[in-house]
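Below: the structure, in structure tokens.
The values are calculated or read from the model by the stated rules, or taken from the named source; none is laboratory data. Remember, predicted model here, so these are calculated numbers, not experimental data. For neighbour counting, all protein chains shown are included, and Cβ atoms are generated from backbone atoms with ideal geometry for every residue, glycine included.
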Amino acid sequence: MSAKVNAALPLEYQTEQNRMNILGFWVFLGAEIVLFATLFGVYGVLGERYAGGPTQKDIFIIRDVLIQTSLLLTSSFTMGISIFEMRRSNIKGMLMWLVFTLLLGGGFLFMEVREFIHYVHEGATMQTSAFLSSFFVLLGTHGLHVTIGIGWAILLIIQILQRGLTPVTARKAFIFGLYWHFLDVVWIFIFTFVYLQGLVM
Amino acid sequence: MGIKWDEFFVTGDPLIFASQIGIALTLIGALAGITYFKKWNYLWTEWLTTVDHKKIGIMYILMGVLMFVRGGIDGLMMKGQTAVPENGFLNAQHYNEVFTTHGVIMILFVAMPLLIGLMNFVIPLQIGARDVAFPQLNALSFWLTFSGAMLFNISFIIGGSPDAGWTSYFPLAGKEFSPGIGNNYYAVALQIAGAGTLMTGINFVVTVLKMRTKGMTLMKMPMFTWTSFITSIIIVASFPIFTVALALMTFDRTFGTHFFTISGGGMDMLWANLFWLWGHPEVYIVVLPAFGMLSDIISTFARKTLYGYKSMVISIVMISVLSMLVWVHHFFTMGNSAAVNSFFSITTMAIAIPTGVKVFNWLFTMRKGRIKFTTAMLWALAFVPNFVIGGVTGVMLAMAAADYQYHNTLFLVAHFHYVLIPGVVFPIFAGLYFWWPKMFGYMLNERIGKWNFWLFVVGFNVTFMPMFFLGLDGAVRRAYTYSAETGFGPLMMISAIGSIILAAGFAALVYNIYWSARYADRNIGNDPWDARTLEWATATPVQHYNFASLPEVTKLDAFWHMKKNDQLQPLKEDEVEEIHLPSNTWIPIYMGVVFGISGFLLVFEWTIAAAIAAIGIFAGLAFRSFDYDEGFHVHKDEILETEGIWRKGANKGVKNHVS
């Protein structure tokens, strides 16, 4: 609420309201961690209950998963560069890297949807077994987050083009960055505890 | 397709038919009344689009009181049914629906809105702030809670109510055994309301951390602020679990997945675990803010600083940690190993330690205090012995081996009513009597208040004390009737009579609100109770910007010390600055509406229609993203004028109704 500006800080931290928004988003990410932890817990409990359906080894294609992983990890890197460019007040660079991020995120989503379609064609649907129910809901929740993130970032890009870099737009971009990195962290857990563990089980 | 069109409205029960007509007439009456008195504009600009934490708090409280009526009628119906053996007032199905909605409504749409309403109103004032950290988000929280509550409430006239108990255990709550759409209401309505609550939690964590006024360190915060802060942390840590559990329930019921089903490798106990992983912390979410209110009220009316402030803080932190570690005690009898049961027995009993510390602190606060027996204080006094009965029977239930005897009997039902009514409802009533003047500028009548108090407390004990003995005699909970040979009849009848006294007590509160609104004295000054915390340092009712200049704090009980040491500063005109406040917004109520519509369609498993309606949700988010409204400034002249009016009568010659 306070309009007092502390110009010594990075743009996104300059107003009190911005600092509160960023802290609030960290708390929200805390809630998101609990949400995903619960989904991982559910997968941990149900992940080997196949009910006669396919197992992880039967359906996972590790090559495609590796491509997805590298797309998403790279997108986190480009997101970081985008915020770095924002701190240097380079709007052009910032937006360019942000667009790269979204393209990589889009690529990830494309691969994930393709993967899901492939599974369904193999007869591995959400309704097949408890393993697949928990698998699809865990990954689907992550995928939904990525989708929402892409839509969100497009709105941000429009606002930055309209308004340039202000404390408000900078804060919004910074918070989006936190969100995007968080999704990457979740994916690392999915990659480890769903895919890799599934293949060695 | 979840339902046939001819099943859309619930038909065939005269009770429900009467309510359908009643609801239709009330709606028409309300709409016509607002139109006739030309209040639409007032309603829209002053309430429906407001982002003022005080008005949002009042709307929460209003909703909580209304829902109390609904939940209370459910309770009375149950008591009416079980008053005599082999009664035919409600059939088994109807009874199932009534105890389910009673539980859900009382916890989620009565206790939580009343507490969050009081938190909303009081916390920013107690910490000397002008609003919460995210005022628009706060409005969204309210409208989502309201939307969820309304969706849940229409279930009994449209489509059928949930009937698997407020815990909705699988496999009973699954499609196989509950094929109707009733339980979809449970899954969807609570999801929407839960999202609102989660945002409240985030909001208050940041508000308390970031918006305290100058000098108010964490250890100088009033106890209600402390408990609300810890409660908010528990909300953030536990509500996402419920979000997931409800989402999986929706998937199981609507999309045929196998999380909790018997077939397909699902695991029904997973639901019980997830539910109580949220459900037990939820108990502390409702009880901790109540503890905080009691602490402030007791220290005000004992006219002493709270005894053992530090140990109070340590206790609530300990309770919050332990609250996450006891969930299995809700199903000791459902096939855990002895080691698991032992572990959760011990953690459960351990909660009695910090709670006991708190009880003794309250007693020591009162010791040698010059106690003023106001209605608010009476509630706090009645709380102690009644809550101890609930607590001690809780320790009995905590012993896993003994729990095999108590489990699923009315003993348990009596226990948790002895925890939740003295532990949550008494403090809420105390809080309403205490803060009412701050909210509305007049006090609730003390004489009617005494009626309210005595009827309610006596009625409560007459209702629930017999249930301990019924439970020990083997009366099971959730049974719609019993035979005369069981011998339960007399105690059941006493319990039913008690519930009528209890209802009369609540009616006295409602009458008190009506009476006081019409006749109570408006000239009460800003500090009618001679209170201790900052909310009493500003005008009554509170001006919309809360404080003309933000107060500075040096001690606990800041306002008390200001009064005693003559440090109440008159407002210096040249130091008054323009105050920046956020603007009203239509987005939160719009979000409540689209969430409600989309949820309603999802309840009926019209998934495509629900998805189309959900586009409206994303449209709302996009509107919010492009909303760069910077709020408005309150001008100096307006501030000086407002302050001049209330400060004239403040702190001297104040009419004090109590001492």
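Output the qualifying pairs, or none if there are none: Cβ atoms under 8 angstrom, residues six or more apart or on different chains, first residue in region B:200-218 and within 9 Å of A:MET20 (Cα to Cα), second residue assigned to a helix (DSSP H, G or I) and of a type in the set (Val, Ile, Thr).
B:VAL206/A:VAL27; B:THR207/B:ILE123
Which of the residues spanning region B:207-226 are within 14 Å of chain A (Cβ to nearest Cβ) and part of a helix (DSSP H, G or I)?
Within region B:207-226, B:THR207, B:VAL208, B:LEU209, B:LYS210 meet the criteria.
So the check is Cβ under 8 Å with 6+ separation or different chains; which pairs have a first residue in region B:621-647 that's within 19 Å of B:THR538 (Cα to Cα) and without any contact (Cβ under 8 Å) to a residue 60 or more places away in the chain and a second one that's loosely packed, with under 15 Cβ neighbours inside 10 Å and of a type in the set (Asp, Glu)?
B:HIS635/B:GLU578
Condition test on B:GLU577, is it in a loop (DSSP other than H, G, I, E, B) and loosely packed, with under 14 Cβ neighbours inside 10 Å?
Here the answer is yes, as B:GLU577 does meet what is asked.
Mind telling me which of the residues B:ASN546, B:ASN526 ends up being in the same structural domain as B:LYS304 (by TED's automatic domain parsing), over 16 Å from B:PRO222 (Cβ atoms) and not charged (D, E, K, R)?
B:ASN526
Return yes or no: is B:GLY117 free of Cβ contacts under 8 Å to residues at least 24 places away in the same chain and assigned by TED's automatic domain parsing to the domain that holds B:ASP296?
Against the criterion (free of Cβ contacts under 8 Å to residues at least 24 places away in the same chain and assigned by TED's automatic domain parsing to the domain that holds B:ASP296), B:GLY117 does not qualify.
Return the total of residues in region B:23-61 being surrounded by 16 or more Cβ atoms within 10 Å (Cβ to Cβ) and either free of Cβ contacts under 8 Å to residues at least 60 places away in the same chain or among the charged types (D, E, K, R) (or both).
Residues in region B:23-61 being surrounded by 16 or more Cβ atoms within 10 Å (Cβ to Cβ) and either free of Cβ contacts under 8 Å to residues at least 60 places away in the same chain or among the charged types (D, E, K, R) (or both): 4 in total.
Considering (1) closer than 30 Å to B:THR254 by Cβ; (2) in a helix (DSSP H, G or I); (3) outside the structural domain of B:GLY148 (by TED's automatic domain parsing), say which one B:THR26 fails and leave the rest.
The failed condition is (1).
For the structure I just gave you, tell me whether B:VAL110 is over 13 Å from B:TYR480 (Cα atoms), touching a Lys or Arg at 6+ places or on another chain (Cβ under 9 Å) and buried (at least 20 other Cβ atoms within 10 Å of the Cβ). Step through it out loud before you land on a result.
Working: over 13 Å from B:TYR480 (Cα atoms): yes; touching a Lys or Arg at 6+ places or on another chain (Cβ under 9 Å): yes; buried (at least 20 other Cβ atoms within 10 Å of the Cβ): yes.
Here the answer is yes, as B:VAL110 does meet what is asked.
Could you check region B:341-422 for helices (runs of 4 or more DSSP H) lying wholly inside it with 1 or more residues that are small (Gly, Ala, Ser) and under 21 Å from the mean Cα position of the chain (by Cα)?
Those helices (runs of 4 or more DSSP H) span B:375-398, B:410-420.
State all residues of region A:121-156 that are under 20 Å from A:LEU98 (Cβ atoms) and within 8 Å of chain B (Cβ to nearest Cβ); if no residue qualifies, say none.
A:GLY151, A:TRP152, A:LEU155, A:LEU156
Anything in region A:9-42 that is facing chain B (nearest Cβ under 8 Å) and aromatic (Phe, Trp, Tyr)? List them, or say none.
A:PHE28 - this is the single residue of region A:9-42 that is facing chain B (nearest Cβ under 8 Å) and aromatic (Phe, Trp, Tyr).
List the residue pairs whose Cβ atoms are under 6 Å apart, where the first residue sits in region A:120-134 and is within 16 Å of A:VAL194 (Cβ to Cβ), the second is aromatic (Phe, Trp, Tyr) and assigned to a helix (DSSP H, G or I), and the two are 6 or more positions apart or on different chains.
Matching pairs, first to second residue: A:MET126/A:PHE136; A:SER134/A:TYR43.
Going by what's in this entry, would B:GLY335 be described as part of a loop (DSSP other than H, G, I, E, B) and either assigned by TED's automatic domain parsing to the domain that holds B:ILE123 or modelled with pLDDT under 95 (or both)?
Working: part of a loop (DSSP other than H, G, I, E, B): yes; either assigned by TED's automatic domain parsing to the domain that holds B:ILE123 or modelled with pLDDT under 95 (or both): yes.
Yes: the conditions hold for B:GLY335.
For every residue, the table says whether it meets (1) in a helix (DSSP H, G or I); (2) farther than 30 Å from A:GLU48 by Cα; (3) within 12 Å of chain A (Cβ to nearest Cβ).
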residue	(1), (2), (3)
B:VAL205	yes, yes, yes
B:SER228	yes, yes, no
B:MET249	yes, no, yes
B:MET269	yes, no, yes
B:HIS280	yes, no, no
B:VAL283	yes, yes, no
B:LEU288	yes, yes, no
B:LEU294	yes, yes, no
B:ILE298	yes, yes, no
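Could you list all residues from region B:480-496 that are in contact (Cβ under 8 Å) with a residue 12 or more places away in the chain and surrounded by fewer than 16 Cβ atoms within 10 Å (Cβ to Cβ)? Explain how you work it out, then say what you get.
The initial filter retains those residues of region B:480-496 that are in contact (Cβ under 8 Å) with a residue 12 or more places away in the chain, namely B:480-484, B:486-489, B:491-496.
Listed by number, the residues that qualify are B:SER483, B:ALA484, B:THR486, B:GLY487.
Identify all residues within region B:8-29 that are under 20 Å from B:PHE600 (Cβ atoms), within 28 Å of the chain's Cα centre (by Cα) and not polar (S, T, N, Q); write none if there are none.
B:ILE16, B:ILE23, B:ALA24, B:LEU27
Working only within region B:251-267, note down all residues that are within 7 Å of another protein chain (Cβ to nearest Cβ), of a type outside the set (Val, Ile, Thr) and not in a helix (DSSP H, G or I).
B:GLY256, B:HIS258, B:PHE259, B:GLY266, B:MET267, listed by residue number.
Restricting to region A:77-114, give me the number of residues that are touching a Leu at 6+ places or on another chain (Cβ under 8 Å), assigned to a helix (DSSP H, G or I) and polar (S, T, N, Q).
2
Sort out which residues of region A:43-68 are within 7 Å of chain B (Cβ to nearest Cβ) and either aromatic (Phe, Trp, Tyr) or in a helix (DSSP H, G or I) (or both), and write them in order of number.
A:VAL45, A:LEU46, A:TYR50
Can you go through B:GLY369, B:GLY394 and tell me which one is surrounded by 15 or more Cβ atoms within 10 Å (Cβ to Cβ), farther than 26 Å from B:PHE99 by Cβ, of a type in the set (Gly, Ala, Ser) and in contact (Cβ under 8 Å) with a residue 40 or more places away in the chain?
Matching residue, one of B:GLY369, B:GLY394: B:GLY369.
Condition check ((1) closer than 30 Å to B:HIS258 by Cβ; (2) touching a Pro at 6+ places or on another chain (Cβ under 6 Å); (3) loosely packed, with under 15 Cβ neighbours inside 10 Å) across all residues:
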position	(1), (2), (3)
A:GLN17	no, no, no
A:ASN21	no, no, no
A:LEU39	yes, no, no
A:VAL45	yes, no, no
A:ASP58	yes, no, yes
A:VAL65	yes, no, no
A:SER82	no, no, no
A:VAL113	yes, no, yes
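Quick one: which of B:ILE233, B:ILE241 is within 18 Å of the chain's Cα centre (by Cα), in a helix (DSSP H, G or I) and at the interface with chain A (Cβ under 10 Å from one of its Cβ atoms)?
After applying the criteria, what remains is B:ILE233.
Cβ-Cβ under 6 Å, sequence separation 6+ or interchain: first residue in region B:528-554 and among the acidic types (Asp, Glu), partner part of a loop (DSSP other than H, G, I, E, B). Which pairs?
Taking only residues 6 or more apart or on different chains, the pairs are B:GLU552/B:LYS214; B:GLU552/B:GLY215.
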